Structures are given as C-alpha cells and as structure tokens.
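This is the structure I want to talk about, given as structure tokens.
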Amino acid sequence: MADPTLSEVLAQARCVVCVGQGGVGKTSTSAALAIEAARQGRRTAVLTIDPARRLANALGLPEIGNIEREVPKAAFEAAGLEAPEGKLTALMLDIKQAWDEVVDSYHPDPERKQRLLQNRLYEAMSSALAGSQEYMAMEKLYQLSTRTEDRLDVIILDTPPANHAVDFLEAPSRMLDALDNDATRWLLEPYERRRGIASRIFDAGSGLFIRTISRFTGTELLEDLAELLSGFQGMFQGFRDRAAAVRTILAAADTSFVVVSTPSESGLVDARAFRDRLRERQLRVGSVVLNRATPAPFLAGEAPAPEALARALASTPELAARLEALAMERAEEALAHREAAEELALETEGCAVVAVPQLPRDVHDLEGLERLRQGLFAPPPQR
C-alpha cells in the first residue's frame, strides 16, 4: 500500500503535533498546515509556543496571546490570496496567564488559591520552572480538545524546541514530580503544623535542617516557598488527571506527529531520532518535513548546455561557464536532498516524507505562508 500524502494525513487528523529542533521552520510549518486545514473547510486552531511572535505577524494579526484570535478572511484578500472556507484562529501560549487560568479554574480552596496567586515566588515559578512551558501547552491542548462550544475540527500544536521528541512528552511529568514529592512534603510538614496548631516552623525533625538552610536563604524565603508548595496542595491529582487525558489524546488514532527538520546530514539524523523515539512510544508519525531543501534549478536535474548559456551571454562566455558550474552544483545538491527524502520515505513506512524547497525569503507574512503551504502540499517530483 502506498504511503499517505501529507494532505491525506492532515485530512484524517484532529490533532497535529509539530516537533523538532529550534530554527528549522517548525512555527511557520504549523501555520501553513493550519491554513491548509482551513482551506479544507475545517474549523482550525493553531497554538504556537513561539516567543518571537512571528506567527502573529505572518498571519496578519497585530498580536496573539493566550486567547484565540481569528485570522480574518480580509487579511487573505488584502494579500491577494483566496480566503479559506473554514474558520482559522491562532493563539500563543502565555505561560504566566495559562498558569493563572488553571489555578483559577481548578483550585479547590478559594483562600489557598488567593494566597498562591499572590505569592512572590509563584510568578517566577510559573514562568521559569523547568517543564512549565510543556505542561501548560498540554493544559491548553486539553482545553481546546475538550471544549463543546465552537468545537474544533483540527488543532495544530507547535511545540517548544527540543533536542529529543520525548522532551515535550516527559517534561510535564518531571515538573509535577518536582512539585509533589517526598522532599517537598517533608518541607511542608512543619509549615502546615505551624499553621494548624500555631507551633513554630523550626521545631524538631526537619526543623534543624530548615533552620540551618534559613541562615543562607532567609526565613522569609523559606516561608514563601513553603506557602507556594502548600498552595498547590489539592491540585496535583487534577494536574495528573489532565496530563493523563492529554497523553490519551496524543496516542489517539486521529492524532499525527509531524517531525520538522532539514535535509542536511545533521538534520536527517535529528529527523530519524525524533521519528524513532515517537514510534517507540507507539505514537503515530504522520509526516516528516524536510524544510529548506535545495530546489532543482532545471527539470530532471540537468543544466542547459554551455553553448546555450554562451549564446545568451555572448559577450561574457566566462560568466556562462561559471553559471553552468553553479547550476550543476545546485542540481547535484537538489538531487542529493531528493534522494535523502526518498531514502527516508522507504525506511519510514506509512509516513508522508516531504522535501520543501528553500523559499527566496523568510516567511513573515501570509504570502510567504502560502508559498510554504504550496511547497508542503505540492505533488512529489517526477524522476
């Protein structure tokens, strides 16, 4: 059976997760996939983690944040493009705001909730804690996937840059383990006892250690830390339940991962590593996108004869020879990229491998996204 095309992969998916190293065009690819899904007439949302706000500019929006913004059809028309039939919205993860929304929505104790939101360590923790970005991306994916009003047909998720595919999948669990483990409970015990029976935080047991640490950190900081951890009590099971629900979503038959890389030697190594780690976890790799491939300058990879170039540039035959050499070099590079994509496709059964030609300029507007979309969904080249 023939491998699916990227168009078929997208048409069959409700959730598409783009993964890859930083700087390979993952955010632009996510936006182009979202535009294609909207062109298929589907209600589409794209969620980006890109802090540079490139997606907002490319989609013709003044800004995007934690709340969805619709990409108006007038923006496509202003760019000279046909507007998609389906509704397209975009949002960018604001980690602090996302934390606030989760705490406000799910905290079981109003008093503790307010103390947590006002804790001076909470703001730094909610923005900088390792795994926080990945966890909040999962929380947002859960919200988008489970809402009943304005139900989404497809969600495109642009994940944070990662060295390994499992970073995005494992970071939330590591973050939760850091907040809820034996060590934090040991620190909380004297704090909770002090609050409950008015005993001092530096009593027996852990008190001796905490008293020693406080000489270096200050008692006030330890109090804030203990209150921060105490504020999360009662929320951890909900955190874990929703994380488990997202893992189920990611493993579903209508979820596809798209590995975005480049056709360079190191890029191909990365693409294979991401593909293999995802498949080890029984996750569906729907496509590998090799971005910024060298386009073939001539059909069948053949340069015109030197005489033809010489006739076109009769007064500068030396330039014609140089142009011929450059054209052949580009043709050889294009052929190497094409063969690398074909080899990857042969060893990645059931996966659409797409080599997207290098665009003449960076993607920073709807016109650029449209060119990228056309490159993603163009028919495969004929040999």
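With the requirement that a residue be more than 28 Å from the chain's Cα centre (by Cα), at pLDDT 70 or above and among the basic types (Lys, Arg), what does region 285-339 give you?
Correct list: ARG322, ARG330.
Residues that are of a type in the set (S, T, N, Q), closer than 26 Å to GLU134 by Cβ and either touching a Phe, Trp or Tyr at 6+ places or on another chain (Cβ under 9 Å) or not assigned by TED's automatic domain parsing to the domain that holds ILE156 (or both): does region 28-39 have at least one?
Scanning region 28-39, I find no residue that is of a type in the set (S, T, N, Q), closer than 26 Å to GLU134 by Cβ and either touching a Phe, Trp or Tyr at 6+ places or on another chain (Cβ under 9 Å) or not assigned by TED's automatic domain parsing to the domain that holds ILE156 (or both), so the answer is no.
Right, here's the next one. Which condition from (1) farther than 18 Å from GLN233 by Cβ; (2) modelled with pLDDT of 90 or more; (3) surrounded by fewer than 19 Cβ atoms within 10 Å (Cβ to Cβ) is the one that ILE155 breaks?
(3)
Let me ask something else. Give the residue that is farthest from LEU47 (Cα to Cα), with candidates limited to residues of region 120-140 that are surrounded by fewer than 19 Cβ atoms within 10 Å (Cβ to Cβ) and of a type outside the set (A, V, I, L, M).
Result: ARG120.
Additional query: Check ALA183, ALA171, ALA162 and return the single one that is at pLDDT 65 or above and either assigned to a helix (DSSP H, G or I) or of a type in the set (Lys, Arg) (or both).
Result: ALA171 is the single residue among ALA183, ALA171, ALA162 that is at pLDDT 65 or above and either assigned to a helix (DSSP H, G or I) or of a type in the set (Lys, Arg) (or both).
Being in contact with a helix residue (DSSP H, G or I) (Cβ under 9 Å, 6 or more places away or on another chain) and of a type in the set (Val, Ile, Thr) is the filter; apply it to region 232-249 and report the residue that is nearest to PRO172 (Cα to Cα).
VAL246
Assess whether ALA137 counts as being in contact (Cβ under 8 Å) with a residue 60 or more places away in the chain and assigned by TED's automatic domain parsing to the domain that holds THR248.
The answer is yes for ALA137.
Restrict the check to region 96-105 and report whether at least one residue is over 17 Å from LEU141 (Cα atoms) and either buried (at least 17 other Cβ atoms within 10 Å of the Cβ) or not assigned by TED's automatic domain parsing to the domain that holds VAL354 (or both).
no
Restricting to region 1-37, give me the number of residues that are over 12 Å from the mean Cα position of the chain (by Cα) and polar (S, T, N, Q).
Residues flagged as over 12 Å from the mean Cα position of the chain (by Cα) and polar (S, T, N, Q) within region 1-37 amount to 3.
Only residues that are in contact with a strand residue (DSSP E or B) (Cβ under 8 Å, 6 or more places away or on another chain) and either more than 22 Å from ALA2 (Cβ to Cβ) or not in a helix (DSSP H, G or I) (or both): list them for region 360-376, please.
LEU372
Please work out which residue is surrounded by the fewest Cβ atoms within 10 Å (Cβ to Cβ), limiting yourself to region 254-270 and to residues that are more than 13 Å from ASP158 (Cα to Cα) and among the hydroxyl-bearing types (Ser, Thr, Tyr). Quick ask: steps written out before the conclusion?
Looking only at region 254-270, we keep the residues that are more than 13 Å from ASP158 (Cα to Cα), and these are 254-255, 261-270.
Still in the running and among the hydroxyl-bearing types (Ser, Thr, Tyr): 255, 261-262, 264, 266.
Details: THR255: 20, SER261: 27, THR262: 24, SER264: 15, SER266: 10.
Here the answer is SER266.
The values are calculated or read from the model by the stated rules, or taken from the named source; none is laboratory data. In this text, all values refer to a predicted model and were calculated from it rather than measured experimentally. All Cβ positions, glycine included, derive from the backbone under ideal geometry; neighbour counts span all protein chains shown.
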